[in-house]
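Single-structure report; data block below.
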Amino acid sequence: MSAQIIDGKALAAAVKQEAAAEVAALKAQGVAPCLAVILVGEDPASQVYVRGKINDCAECGILSRSIRLPATATQAELLAQVAALAADDTVHGILVQLPLPAQIDERAVIDAIPPQKDVDGFSPVNVGRLQAGEPCFQPCTPAGCIRMIESTGTNIAGKHAVVIGRSNIVGKPAAMLLLAQNATVTVCHSKTQNLAQLCAGADILVAAVGRAGFVTGDMVKPGAVVIDVGINRGADGKLHGDVDFAAAAQKAGWITPVPGGVGPMTRAMLMHNTVLAARRAAGL
Ligand code: GUN
């Protein structure tokens, strides 16, 4: 293996430490940052994620509220919860864990979160601000990816960045953030022709496909920075990334592991955004 590992856990710990210090400073000024997390249903992966977020809050000194609704909850019930949290001045961030059960319109719920409390960065106002290059809440996963790329000392400006995946949560905002750093950005997806060839030309490769081992060694440019956003549960019960790690690590300059890469950074960036929301709400 020639690649250096980007240690997501260590980077996340540093981001959380920074957040904790800011929380302490805010508390000294009478502001107690608070994140509300709503989970609808019993999806095992979502339960794990939500538990992790609540634990992170405790670690950073951020207050948290965990709201659980049954899988049978109606859209009106969920919207009523969001409205109550939106009106509550002691709550600074609202996160509705996705995906939602089929009877609920995800878009309507995201639209109901006030932009100033939208710590996921999914609301139309934050999406628009990101696109326009204005101050906003950056979606946690791509924001974490950028931090990880920066941690390698790579100057993103002028580099060819290839993002595989065009989801609203990762692919599209990752492309916007890379563009904001003056990368030349290519977004690949299921209809892309010559995908392997495009990836092989990438100085920075962000894989957010949702398919284990999708990125093979021949798709990695020697020396590239490879960011693996995939979290795929294998038949072996283990977590696998979108990248064939062993093969890619032979060629990459830097690579993120799964687990211990993007996942911890995503959670840390949520803490960062929550502190930011509290600070902005207080006008500090
Ligand atoms: N489900 C998977 N990733 C995310 C995320 O970043 N935010 C929310 N709210 N739900 C998710």
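The values are calculated or read from the model by the stated rules, or taken from the named source; none is laboratory data. Nothing here was measured: the structure is a model prediction, and the numbers come from that model. Every residue, glycine among them, receives a Cβ derived from its backbone with ideal geometry; neighbour counts consider all protein chains shown. Ligands, DNA and RNA are stripped out before the accessible areas are found, and what is left, the full protein with its side chains, is counted by its heavy atoms. Shrake-Rupley method; radii C 1.70, N 1.55, O 1.52, S 1.80 Å.
Values for this structure:
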quantity	calculated
Heavy atoms of Lys172: accessible area, 1.4 Å probe, square angstrom to 10	100 Å²
In nm, spacing of pseudo-spin labels at Ala45 and Arg107 (7 Å Cα→C-beta vector)	2.3 nm
Of Gln103, Gln250, Gln17, the one that fluctuates the most in a GNM where the chain has Cα springs shorter than 10 Å	Gln103
Helix axis angle, 171-180 relative to the chain longest principal axis, alpha carbon, degrees	80 degrees
Globularity ratio of the chain, using Cα Rg and 2.2 N^0.38 Å	1.00
Principal-axis tilt of helix 8-28 within the chain, Cα atoms, nearest 10 degrees	30 degrees
In Å², nearest 10: area of His160 left accessible to a 1.4 Å probe	50 Å²
Straight-distance crosslink candidates among lysines, where the alpha carbon sits under 21 Å from Lys191 and sequence neighbours closer than 8 are dropped	Lys172
Heavy atoms of Val127 accessible to a 1.4 Å probe, total area in Å² rounded to 10	80 Å²
Cα gyration tensor shape of segment 29-146, rounded if a/c is under 1.5, else prolate or oblate by comparing a/b with b/c	rounded
Relative frequency of Cα-Cα separations exceeding 13 Å in segment 201-271, percent	61 percent
Amide proton proximity set for Ala183, modelled H, under 5 Å, gap of 5+	Gly158
Reach of Lys27 by Cα under 25 Å, taken over lysines that are not fewer than 8 positions away in the same chain	Lys16, Lys53, Lys117
Computed over segment 143-218: relative contact order in percent, which uses C-alpha pairs under 8 Å that are six or more apart	36 percent
